[in-house]
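Q: One structure, pasted below without further comment.
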Amino acid sequence: MSAPYYKLGAFGDEASLIVAFLIGIGFGFFLERAGFGSAKKLVSQFYLNDLAVFKVMFTAIVTAMLGVTYLAWAGFLDLSLVYLVPTYWIAQVVGGLLLGVGFVVGGYCPGTSIVSTATGKLDGLVFVVGFAAGTLGFALAFPLVKGLYTAGEIGTKTLPQVLGVPYGVLVFGVVLMAVGGFLGASWIEKKMAAKE
Amino acid sequence: MASVTHDVVHEAAAESASGPQPYMNPYLAGMGLGLVLLAAFVLVGRGLGASGAFNSTIAWLVSLAAPGYARSNEFLGVYLEDGTHPLKAWLVFEVVGVFAGALLSGLLAGRVARTVEKGPRVSVGGRLAFAFVGGGLMAVGAALGRGCTSGQALSGGSLLNLGSWAFMLCVFGGAYVVAPLFRRQWR
């Protein structure tokens, strides 16, 4: 095993911050390339006119998932050292629904609002300020919302563990689902274009 | 030097005359994002994120105003470690990079412009109010969800994390349910 390099001590905390900055540049670059600095482009996903959000997101998920799977299988990457956020399913279901509503109301998600601000959109900057205000509000109200925040705690769980399916089989299932989704997305886009 | 400046101005003028470049093919952009995410897993052992940088920043600001309270606050306290500056955090540096990378891509494609993104049937003031409220709602959602579209959906999704997939399905579900109500703002 040679990776993850930082966790195995190949470089220290200070260097990891430089890596963070460089990885961020790549992340921001491709988000902007995809058109995700534009709220109208992002929100079109929810009016079915342009499903680029789904296509970009699932291509990225499949690319990274296959990369991780093959590198772990080849004995290069120790997957057990890659950080997994523990599951609090009730908090995450409520949080996900709120995030979806916020996406349609605000036009961005946190990462894309940074991209939007960087490319000059005033609504992106206002979204960033709103997000900061909401974070502060949540922190101040934390004693009141702590119950919901910790609701549904079941520890670190992966889909293969919960479904009792071998890891590789689930990876293959996600790939099939994504390819089916891409074909369906293009079909919907054509239908919507014909309607307009 | 003068001729270099002249060339840059000339190119910028030519670019604005021909308009911004079209966006990248979504599958190519997705592969690019996926490889960046894979690099984060391999190099550092963690995924991408965005909302965590806001948490660190707010924790820092509150600690300036009320140091004792910030430390005792259960949500902010975890971002305030002894001996290190709260902004010296992985996600803060990554998000600064996101800003730089987006600016770079936008400049190269002639897409940096001072505008407000909105549909034709809503005023600028109305759109900005919605942006603020949407940002606030999303902050609560990201706090409860322990991440946003980057940290949970993208990063956790590719690691087949159970909570990330539940979160992602709910993001799309919530958005599709309310989209008809907000049609005026966008279409």
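The values are calculated or read from the model by the stated rules, or taken from the named source; none is laboratory data. Not measured: the values here are computed from a predicted model. When we count neighbours, we look across all protein chains shown, and the Cβ atoms used for this are built from the backbone with ideal geometry, even at glycine.
Q: Test A:Tyr5 against the stated conditions and say whether it is over 15 Å from B:Thr149 (Cβ atoms) and within 7 Å of chain B (Cβ to nearest Cβ). It would help to see each step written out before you state the result.
A: Working: over 15 Å from B:Thr149 (Cβ atoms): yes; within 7 Å of chain B (Cβ to nearest Cβ): yes.
Yes, satisfied.
Q: Go through segment B:102-129 and give me each residue that's under 24 Å from B:Val36 (Cβ atoms) and either touching a strand residue (DSSP E or B) at 6+ places or on another chain (Cβ under 6 Å) or facing chain A (nearest Cβ under 7 Å) (or both).
A: Our first condition is that a residue be under 24 Å from B:Val36 (Cβ atoms); within segment B:102-129, this holds for B:102-112.
Matches in segment B:102-129: B:Ala102, B:Leu103, B:Leu104, B:Ser105, B:Gly106, B:Arg111, B:Val112.
Q: While we're looking at this one, here's another question. Mind checking which residues of segment A:9-45 are part of a helix (DSSP H, G or I), more than 7 Å from chain B (Cβ to nearest Cβ) and surrounded by 18 or more Cβ atoms within 10 Å (Cβ to Cβ)?
A: Filtering segment A:9-45 for residues part of a helix (DSSP H, G or I) gives A:13-33, A:39-45.
After this cut, where a residue has to be more than 7 Å from chain B (Cβ to nearest Cβ) as well, the list is A:13-15, A:18, A:41-42, A:44-45.
The answer is A:Lys41, A:Leu42, A:Ser44, A:Gln45.
Q: Shifting gears a bit: Taking A:Leu99, is it surrounded by fewer than 24 Cβ atoms within 10 Å (Cβ to Cβ), under 28 Å from A:Gly180 (Cβ atoms) and not polar (S, T, N, Q)? If you could, list the steps in order and put the result at the bottom.
A: On the way: surrounded by fewer than 24 Cβ atoms within 10 Å (Cβ to Cβ): no; under 28 Å from A:Gly180 (Cβ atoms): yes; not polar (S, T, N, Q): yes.
The answer is no for A:Leu99.
Q: Let me ask something additional. Considering each residue of segment A:47-92, count those that are farther than 17 Å from A:Phe172 by Cα, in a helix (DSSP H, G or I), touching a residue at least 12 places away in the same chain (Cβ under 8 Å) and of a type in the set (A, V, I, L, M, F, W, C), and give that number.
A: Result for segment A:47-92: 8.
Q: Follow-up question, since we're still on this one. Out of all the residues in segment B:57-75, is one or more surrounded by 14 or more Cβ atoms within 10 Å (Cβ to Cβ), under 22 Å from A:Leu8 (Cα atoms) and not assigned by TED's automatic domain parsing to the domain that holds B:Ser158?
A: No, there is no match, as no residue in segment B:57-75 is surrounded by 14 or more Cβ atoms within 10 Å (Cβ to Cβ), under 22 Å from A:Leu8 (Cα atoms) and not assigned by TED's automatic domain parsing to the domain that holds B:Ser158.
Q: Going through segment A:97-123 one residue at a time, which ones are within 7 Å of chain B (Cβ to nearest Cβ) and part of a loop (DSSP other than H, G, I, E, B)?
A: A:Gly107, A:Cys109, A:Thr119, A:Gly120
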